[in-house]
1. What about Tyr103, is it among the aromatic types (Phe, Trp, Tyr), crowded, with 21+ Cβ neighbours inside 10 Å and assigned by TED's automatic domain parsing to the domain that holds Gln28?
2. When you scan region 226-247, how many residues do you find that are outside any strand (DSSP E or B) and within 15 Å of Thr194 (Cα to Cα)?
3. Say whether the condition of being touching a residue at least 40 places away in the same chain (Cβ under 8 Å), polar (S, T, N, Q) and part of a strand (DSSP E or B) is met by at least one residue in region 63-76.
4. Consider region 266-284. How many of its residues are over 10 Å from Tyr124 (Cβ atoms) and of a type in the set (Phe, Trp, Tyr)?
5. Regarding region 298-305, can at least one residue be identified that is surrounded by fewer than 18 Cβ atoms within 10 Å (Cβ to Cβ) and either of a type outside the set (Phe, Trp, Tyr) or closer than 30 Å to Leu264 by Cβ (or both)?
6. When region 142-181 is examined, which residues are found to be in a loop (DSSP other than H, G, I, E, B), surrounded by fewer than 22 Cβ atoms within 10 Å (Cβ to Cβ) and out of contact with any Cys (no Cβ under 7 Å at 6 or more places or on another chain)?
7. Collect the residues in region 77-91 that are part of a loop (DSSP other than H, G, I, E, B) and either surrounded by fewer than 16 Cβ atoms within 10 Å (Cβ to Cβ) or modelled with pLDDT under 95 (or both), keeping them in residue-number order.
8. Pick from Ile183, Ile230: which is among the β-branched types (Val, Ile, Thr) and free of Cβ contacts under 8 Å to residues at least 60 places away in the same chain?
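The values are calculated or read from the model by the stated rules, or taken from the named source; none is laboratory data. Just so we're clear, the structure is a prediction, and the values are computed from it rather than from any experiment. When we count neighbours, we look across all protein chains shown, and the Cβ atoms used for this are built from the backbone with ideal geometry, even at glycine.
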Amino acid sequence: MKLSKLAFQVTKTPPTNADTINHKLLVQAGYVRQLMAGVYTYTNLGLKVLRNIENIVREEMDALGGQEILMPALHPKANWLITDGWNKIDVLFKLQSRTGREYALGQSHEEIVTPLAKELIHSYKDLPLTLYQIQWKYRDELRAKSGILRCREFFMKDMYSFHENQADFEKFYGEVKAAYLRIFQRLGLTAKVTEASGGSFTQKISYEFMVLTEAGEDNIFYCDRCDYCINQEIATITEGDACPKCGAPLKLARAAEVGNVFDLGQKFSKDFDLTFANKNGEKKYPIMGCYGIGISRCMGVIVEKHHDEKGIIWPACVAPFAVSLIALNGAEPYANHVYETLQQAGIKVLFDDRFQSAGSKFAAADLIGLPIRLVISSRNGKQIEWKKRDQAESELIDLETVIKRLQ
């Protein structure tokens, strides 16, 4: 794509109402635009990043045996009354139609997926069953803040599993945990598996996947020596106390939740009378698990963790384009040739073809944050300056080498 044709251009100054790095840089670099507090438009660049994160999550969920579906965002009140969520969940958006019927906007989908699974589960032979979706969720947040980290409308993967017994659920949880850690590693994030309260979903202990960042809204105690981690909300310990697993002193830090898993037990199965016949022909309620990953939140956390004073530094796997191509000093004809050659080789390129100064083009490239910057200048002939976004050094190489490296 040519930068001159991009609908949303970079701006020199960040939005005045931005209180976090991800809000400032994502708006300034042209990835998002804020409609109102907690609600954003994702531009062409921003949507490419979302899709890249989404596809990584999808690959790992499919590998677990998850079957992707797409459930409605508009829910009948009756389903939420069955679980008492209509009265107990304060962040639930409630709507009324012109006919007086009441509805909810989905902030989670247990109330929808459980009756759906009732059509599919009749015998122990139908278990385990794992269904997931990737779509928009809605929460009536009193204080939507921190850019795209805490929104009223957000993009999320939610998965639901149904099991014959607790042992089978716990086996699957271990597989999901490993998949989640792979996902976050692929996204360039180090996530800590954190013990937390089950909240409105269940009275059981749940697990959150936390990334250390000052932009987060949780405080966690963690151990540097082992993998122990716990949310401060349920902790009876203080900073410096001995880790219960290895004895090292615990540290307190701010963190952002990027994923979670809940052991739902049989609550929703019983609410919707979802049963199956076991090997002895007895009717039993399946054990349910719920697994979430905030796709749009991950995008914000990546920016919080991967940036410098010049702008964003995207990990290659989520960047909207592989390279930023810049033409200087009248080298546009050769730059156009390079642009077309790279595209023909299947390499995604953002070509800054604008009539701007070199400084302006370099600043835009740094702000947008693509992994590789290629500069073509008449003084270098056919040689191309290759520079990684996160490194100061550059080198001159030929076009054939550029293509080989990028492929």
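1. So Tyr103 fails the test.
2. Final tally of qualifying residues: 12.
3. So far as region 63-76 goes, yes, one or more of its residues are touching a residue at least 40 places away in the same chain (Cβ under 8 Å), polar (S, T, N, Q) and part of a strand (DSSP E or B).
4. Residues meeting the conditions: 2.
5. Scanning region 298-305, I find no residue that is surrounded by fewer than 18 Cβ atoms within 10 Å (Cβ to Cβ) and either of a type outside the set (Phe, Trp, Tyr) or closer than 30 Å to Leu264 by Cβ (or both), so the answer is no.
6. Scanning region 142-181 gives Leu142, Arg143, Arg152, Glu164, Asn165.
7. Residues satisfying the conditions are Asp84, Asp90, Val91.
8. Of the residues listed, the single one that is among the β-branched types (Val, Ile, Thr) and free of Cβ contacts under 8 Å to residues at least 60 places away in the same chain is Ile230.
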